[in-house]
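Trainee: Submitted below is the structure of interest, expressed as structure tokens.
The values are calculated or read from the model by the stated rules, or taken from the named source; none is laboratory data. What you see is a predicted model, and the numbers here were worked out from it, not measured in a lab. Backbone-built Cβ (ideal geometry, glycine too); neighbour counts: all protein chains shown. For accessibility, only protein heavy atoms count, side chains too; no ligands or nucleic acids. Shrake-Rupley method; radii C 1.70, N 1.55, O 1.52, S 1.80 Å.
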Amino acid sequence: MQIKPLFDKIVVKMAEVEETTKSGIILTGAAKEKPQVAEVLAVGPGGVVDGKEVKMEVKVGDKVIFNKYAGTEVKLDGEELIIVKQNDILGIVE
Amino acid sequence: MQIKPLFDKIVVKMAEVEETTKSGIILTGAAKEKPQVAEVLAVGPGGVVDGKEVKMEVKVGDKVIFNKYAGTEVKLDGEELIIVKQNDILGIVE
Amino acid sequence: MQIKPLFDKIVVKMAEVEETTKSGIILTGAAKEKPQVAEVLAVGPGGVVDGKEVKMEVKVGDKVIFNKYAGTEVKLDGEELIIVKQNDILGIVE
Amino acid sequence: MQIKPLFDKIVVKMAEVEETTKSGIILTGAAKEKPQVAEVLAVGPGGVVDGKEVKMEVKVGDKVIFNKYAGTEVKLDGEELIIVKQNDILGIVE
Amino acid sequence: MQIKPLFDKIVVKMAEVEETTKSGIILTGAAKEKPQVAEVLAVGPGGVVDGKEVKMEVKVGDKVIFNKYAGTEVKLDGEELIIVKQNDILGIVE
Amino acid sequence: MQIKPLFDKIVVKMAEVEETTKSGIILTGAAKEKPQVAEVLAVGPGGVVDGKEVKMEVKVGDKVIFNKYAGTEVKLDGEELIIVKQNDILGIVE
Amino acid sequence: MQIKPLFDKIVVKMAEVEETTKSGIILTGAAKEKPQVAEVLAVGPGGVVDGKEVKMEVKVGDKVIFNKYAGTEVKLDGEELIIVKQNDILGIVE
């Protein structure tokens, strides 16, 4: 049982962050925008969104930083997932 | 007696969710956006919406996750239905 | 004495809804958006609205569901009418 | 002394409405939008407004229903006039 | 010492209005929009504003009615001037 | 040490205004929009801003009137500068 | 471990500013917009953002002034970084 995102939507799962490790990723965000690091589980096909062609630049397995603000939380088979638009993703952690 | 949605509108009916089952879908949403799982009952023909061509990617029978925020509830022949725009649909559950 | 709507405007009259009948249509709406079932009395010619070509898909006699939120009430010859834009119509009841 | 409206602007004068007559026009509007019946005194030439071509569909002498909300009241030679944009006009009363 | 307005900007000076004369112009406006009659002192060259071609239809010497709401007051050599965009001008008084 | 503005940005420095002189420039602005007279120190190259081609009409040395509202104050080498977009400039004082 | 920004996003690190030195950069900003001087660490590839082609004009190593308002703070390997859009950058300090 899985989610097939439409258009520019992306399904992600929060990465487990070790906040006390030096090499870990610790995020501090303004109240309005909670940044997030997450792993990409599914990527929509892109296409025409609001009359504008969107090309997907993120792929399954990418670790991404995004603004949680516009995302929607979903619990599927006991797993907590988040659906975001590609536009809400700021960068890929390598 | 049924609703024929216009343009990019979609008629859905809430799926009965078994919230206590492990394999069920449990949704948690922010106060502003109540996500929903629902079955698609009718799909508009698409066409030009706000001057932009919209192609319908959802079909009758799909189980969809959507933001209830912009939807409109309608009761027809005792059945509770919701009319949403395709743009409010985040993904299809398979 | 009648109203000829301009562009994408539509003149409707509220249908008389039998709220207690099983086969009747009972509407429940959020405070912000009061959905409505109404009969279409007059349809504008469409044309270029805000620089975008609008084609009319609703015709006189249709029973429509719409969001009353953006509509304007008018009383003409003792009849209560509402003028809405086609964009505010969600679907046609058949 | 008269006003020559620019672009899509229209000069109207409120029609005298007999509110108690059955065949009169009585308007009820939401607090936000005060609908109005008025006679058209002058019509702008149309043209490019906000980068979009506007074609005028209203002519001098038409009785129109409009939302007073965006209109501007002007008193010229003792007459109370209102300047509205064609987009604020809902329909023509015939 | 004078102001050369850019693009679609127009420099105007309030006309002296005889408010008690029958043939004078008396303006009544909503709190949000204070209409104004003024004489045009300088007109920008028009051109591309926000990616849209603007053609100037107002010329020096015109008496114009406008919404003061978006205008900016400037005092130059003791004279009180107002700079408005052509879009804020409703009509020309003739 | 100097600022090279990007795209449609312009670096200005407030002109010293003799407020008590008849030939001086005295500005009165609404609370929301503080107009400013300033000298242009640097002009961005223009280009495509929000998908729209912007051509720069202001040059170094111009005295300009602008709305301070959208500007950003910067102190560089002890000098107080302001960075504005060309769109915020109302006119050039000659 | 580093961030590869998407589209028009840019990763910057605050420059260490000597606020008491004459040749230092001291910033004063309105409450709504906190300007920032920072060094550019990574630049997205540009491309089509909201249907508009964006060309990157900032490069790694540039010292930039920007509005912190829309930026998102990220802590990576103990370093505090900020991700901004190129549109939020006002100028390059040389």
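Trainee: Collect residues whose amide H, placed 1.01 Å from N in the peptide plane, falls under 5 Å from the amide H of E:Leu81; neighbours closer than 5 in sequence don't count.
Mentor: Excluding prolines and chain starts, which carry no amide H, the hits are E:Val74, E:Lys75, E:Leu76.
Trainee: Can you compute the FRET efficiency between C:Tyr69 and D:Lys59 using 1/(1 + (r/R0)^6), with r the Cβ-Cβ distance and R0 = 25 Å? Round to the nearest 0.05.
Mentor: For C:Tyr69 and D:Lys59, the calculated efficiency is 0.20.
Trainee: For the rotation that brings chain C onto chain G, whose beta-carbon in chain C is nearest the axis, and what is that distance in whole angstrom?
Mentor: Rotation axis C onto G, closest Cβ, rounded to whole Å: C:Gly51, 8.
Trainee: Sticking with this one: Quote the total accessible area buried by chains E and F together, excluding ligands, DNA and RNA, probe 1.4 Å, nearest 100 Å².
Mentor: That pair of chains buries around 2000 Å² in total.
Trainee: Output ³J(HN,Hα) for segment F:54-64: one whole-Hz value per residue in order, computed from phi by the Karplus curve 6.51 cos²θ - 1.76 cosθ + 1.60 with θ = phi - 60°, and x for Gly and Pro.
Mentor: In residue order, the calculated couplings are 10, 9, 7, 10, 9, 10, 4, x, 4, 9, 10 Hz.
Trainee: Got a sec to turn the phi values of segment E:73-82 into Karplus ³J(HN,Hα) couplings, 6.51 cos²θ - 1.76 cosθ + 1.60 with θ = phi - 60°, whole Hz, x for Gly and Pro?
Mentor: Here the 3J(HN,Hα) series is 7, 9, 10, 10, 6, x, 9, 8, 10, 10 Hz.
Trainee: So which residues in segment B:64-88 end up with at least 30 square angstrom less accessible surface once the other protein chains are there, compared with the chain by itself, probe 1.4 angstrom?
Mentor: Residues shielded by partner chains are B:Ile65, B:Thr72, B:Glu73, B:Val74, B:Lys75, B:Asp77, B:Ile83, B:Asn87.
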